[in-house]
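The values are calculated or read from the model by the stated rules, or taken from the named source; none is laboratory data. Since the model is a prediction, treat every value here as computed from it, not as a measurement. FYI the Cβ positions are ideal-geometry reconstructions off the backbone, even for glycines, and counts take in every protein chain you see.
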Amino acid sequence: MTDTAPVSSAPLLEVENLRVHYPLRGGLLRRVVDHVRAVDDVSFPGARGRTTGLVGESGSGKTTIGRALIKLAPITGGSIRFNGTELTTLSNREFLPFRKRVQMIFQDPFNSLNPRMTVEAIIREPLDIHFPKQGVAEKRERVAGLLRRVGLEPDHMHRYPHQFSGGQRQRIGIARALAVEPEFIICDEAVSALDVSVQAQVVNLLQDLQAELGLTYLFIAHDLAVVEHISDHVLVMHRGKLVESASAEEIYREPKADYTRKLLDAVPRL
Amino acid sequence: MPLLSVEDLRISFHQRDQTVEAVKGVSFALEAGRTLAIVGESGSGKSVTALSLTRLLPEPPNCRVTGAIRYQGRDVLGLDRRSLQALRGKEIAYVFQEPSSSLNPVFTVGAQIAEAVRLHLPEIKDVEAHVIRALEQVGIADAARRHTSYPHELSGGMQQRVMIAMALACRPKILVADEPTTALDVTIQKQIIDLLRDLKTSTGMSVILITHNFGIVRGFADDVAVMYRGLIVESGPTEEILSRPKHPYTQALIACIPRLGARQRRLATIDHAAIARALETKI
Ligand SMILES: Nc1ncnc2c1ncn2[C@@H]1O[C@H](COP(=O)(O)OP(=O)(O)O)[C@@H](O)[C@H]1O
Ligand SMILES: Nc1ncnc2c1ncn2[C@@H]1O[C@H](COP(=O)(O)OP(=O)(O)O)[C@@H](O)[C@H]1O
Ligand SMILES: [Mg+2]
Ligand SMILES: [Mg+2]
């Protein structure tokens, strides 16, 4: 790490009073008539090497927070510090090195992989962007290693996404995120579309990778049971606002917000 | 005599030189007023089993269905086209996972329900009133106004309520709900399951609930059939299956669900090789 890292006990990520308001246009002149407060005054730390869970129903602003962290959502106000550096004021060019350090894994392995690219090309794409000087043979070796690391075969690099199951496609998405050796990974509903048995494998894989590589996760999902399982700290979102922020144990044992209790009640009991 | 019985059902798909045996000899029965859950992972053959009940699968030679399906004693696989039309919707109705893809975006939801009612219940004179009642029955507030809404004006949970209203408007004896809540938020999922439970009680219909999620089965289904790779590996009363699963696949499928408050270090996974061995020794 090149920047002057603060003491390692400081959170890797510090989000303060984050606001993302989308303009709502109406009328003949398409004037701004109101705003969608997608994220409204949200603050939380992302502890280094830990998993912060983000739960809430659809439309509550979870994806918008994830996208704001990598400058893919328009930030209306507030501050995002990554390893002590303020990100919100950086130009796109100044942001590029951070773009490598923060990666995202998406919900739908079916839609997030380009169907016309081989697995090798998919995983190599971020390497081409962030390591332009690396040779072809070296990159291929890295792709093979990444595939092995996520539980696939190096041979799989020559295949296309449609030749894989949902769980395997999610592993490809994880390999692509890992390619540039990030410190922080945003998992946006990364296991929500998977069968429970496949979900369990992918969750275990994410935890193994975290233990081995010291990764920090923001784990977004609408299923509180899986969030509570994987997370150290849980954030509960409701209509753009953070209604609760507590350790995973506290969230389950002593939920404070009514909305958290409602979410807990909705989880089927076995 | 059960309302519906399925014996040694086999379904295979044939494309050029490729054959997929999707269902490999499945038997189950559904009594009037009962609820059966078919639980299994994707690809296990749940949906094709459901579709075969009213022969909604492709025709031979692309798809072959053998065995016996009996509805009120009648042989479904031997029915002619007209009797099949009467069976679909009127006797056995479906609700699918994605309401947005089952609803036609260019018609109001009321018009779509009305069409189904005119087709299956021609004796009903005031169709609009019937449609509004159907929407009220599924908990849509202000149904008198909402029936003129277009699908895109409704949330996913509301759309699924409309699909249930459409299925129930023709008073079917069996409702087949194929992953009805998989695309919905957990809080909405609970509302829809509660709604289906109430409707089952108030109408006395039978329900086949298809799901990959054991969690929604308890408190809803009387019986469970667990499907794995085209076979029912275990079936029985819900409480028994959930508290004392016998087959290693059922045990594994229940074990891998994350549990609130369990603070497990790792989630259990399914050892498919062990299950294949268990299936072999049984045969
Ligand atoms: N590009 C956008 N323009 C306008 N509104 C948006 C945009 N993206 C998201 N929103 C709105 O912001 C809110 C939060 O959305 P999102 O972050 O996707 O929620 P979640 O991920 O929790 O389902 C929603 O009301 C959504 O409609
Ligand atoms: N129309 C079809 N043509 C060919 N194969 C099919 C068709 N429909 C389903 N299958 C295959 O049948 C198997 C069972 O599918 P399905 O019943 O949809 O599974 P489930 O509903 O349990 O996820 C799968 O292997 C699937 O690929
Ligand atoms: Mg989202
Ligand atoms: Mg299915």
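How many residues, within the stretch B:43-61, are on the phi > 0 side of the Ramachandran plot and either within 14 Å of chain A (Cβ to nearest Cβ) or within 9 Å of ligand 2 (Cβ to nearest atom) (or both)?
2
Of the residues B:ARG146, B:ARG161, which is under 27 Å from B:LEU84 (Cα atoms), in contact with a helix residue (DSSP H, G or I) (Cβ under 8 Å, 6 or more places away or on another chain) and not hydrophobic (A, V, I, L, M, F, W, C)?
Being under 27 Å from B:LEU84 (Cα atoms), in contact with a helix residue (DSSP H, G or I) (Cβ under 8 Å, 6 or more places away or on another chain) and not hydrophobic (A, V, I, L, M, F, W, C) holds for just one of B:ARG146, B:ARG161, which is B:ARG161.
Can you tell me which residues in the stretch B:251-283 are within 12 Å of another protein chain (Cβ to nearest Cβ), in contact (Cβ under 8 Å) with a residue 12 or more places away in the chain and assigned to a helix (DSSP H, G or I)?
Within the stretch B:251-283, B:ALA252, B:LEU253, B:ILE254, B:ALA255, B:ILE275 qualify.
State which residue pairs qualify: first residue closer than 12 Å to A:LEU218 by Cβ and of a type in the set (Gly, Ala, Ser) and inside the stretch A:39-59, second residue part of a strand (DSSP E or B) and at pLDDT below 95 in any location, beta carbons under 8 Å apart, and separation of 6 or more residues or different chains.
The qualifying pairs are A:GLY53/A:ALA221.
Can you find, within the stretch B:26-43, the residue that is nearest to B:ILE193 (Cα to Cα) among those that are at pLDDT 95 or above and of a type in the set (Ser, Thr, Tyr)?
Restricting to residues being at pLDDT 95 or above and of a type in the set (Ser, Thr, Tyr), the top hit is B:THR35.
Answer yes if at least one residue in the stretch B:49-57 is at pLDDT 95 or above and more than 25 Å from B:ASP223 (Cα to Cα), and no otherwise.
Yes, there is a match, as at least one residue in the stretch B:49-57 is at pLDDT 95 or above and more than 25 Å from B:ASP223 (Cα to Cα).
Exactly one condition in (1) assigned to a helix (DSSP H, G or I); (2) more than 8 Å from every other protein chain (Cβ to nearest Cβ) is false for B:LEU242; which is it?
Among (1) assigned to a helix (DSSP H, G or I); (2) more than 8 Å from every other protein chain (Cβ to nearest Cβ), the lone unmet condition for B:LEU242 is (2).
How about the stretch A:34-64: which of its residues are at positive phi and near ligand 1 (Cβ under 6 Å from one of its atoms)?
Listed by number, the residues that qualify are A:GLY56, A:GLY59, A:GLY61.
Go through the residues of the stretch A:169-188 one by one and say whether even a single one is within 12 Å of another protein chain (Cβ to nearest Cβ) and out of contact with any helix residue (DSSP H, G or I) (no Cβ under 7 Å at 6 or more places or on another chain).
Within the stretch A:169-188, none of the residues are within 12 Å of another protein chain (Cβ to nearest Cβ) and out of contact with any helix residue (DSSP H, G or I) (no Cβ under 7 Å at 6 or more places or on another chain).
For the stretch B:127-229, list the helices (runs of 4 or more DSSP H) that sit wholly inside it and hold at least 1 residues that are within 14 Å of another protein chain (Cβ to nearest Cβ), away from ligand 1 (no atom under 16 Å from the Cβ) and farther than 17 Å from B:PRO99 by Cα; which are they?
Fully inside the stretch B:127-229 and qualifying: B:186-203.
If you check B:ASP194 against the conditions, is it at pLDDT 90 or above and out of contact with any Ser or Thr (no Cβ under 7 Å at 6 or more places or on another chain)?
So B:ASP194 passes the test.
Quick check: is even one residue across the stretch B:242-251 in contact with a Ser or Thr (Cβ under 7 Å, 6 or more places away or on another chain) and closer than 27 Å to B:LEU51 by Cβ?
no
Of all the residues that make up the stretch B:141-187, how many are at positive phi and touching a strand residue (DSSP E or B) at 6+ places or on another chain (Cβ under 7 Å)?
Going through the stretch B:141-187 one residue at a time, the tally reaches 1.
Could you check the stretch B:56-81 and list, in sequence order, the residues that are crowded, with 17+ Cβ neighbours inside 10 Å, away from ligand 4 (no atom under 16 Å from the Cβ) and part of a loop (DSSP other than H, G, I, E, B)?
The one that is crowded, with 17+ Cβ neighbours inside 10 Å, away from ligand 4 (no atom under 16 Å from the Cβ) and part of a loop (DSSP other than H, G, I, E, B): B:LEU79.
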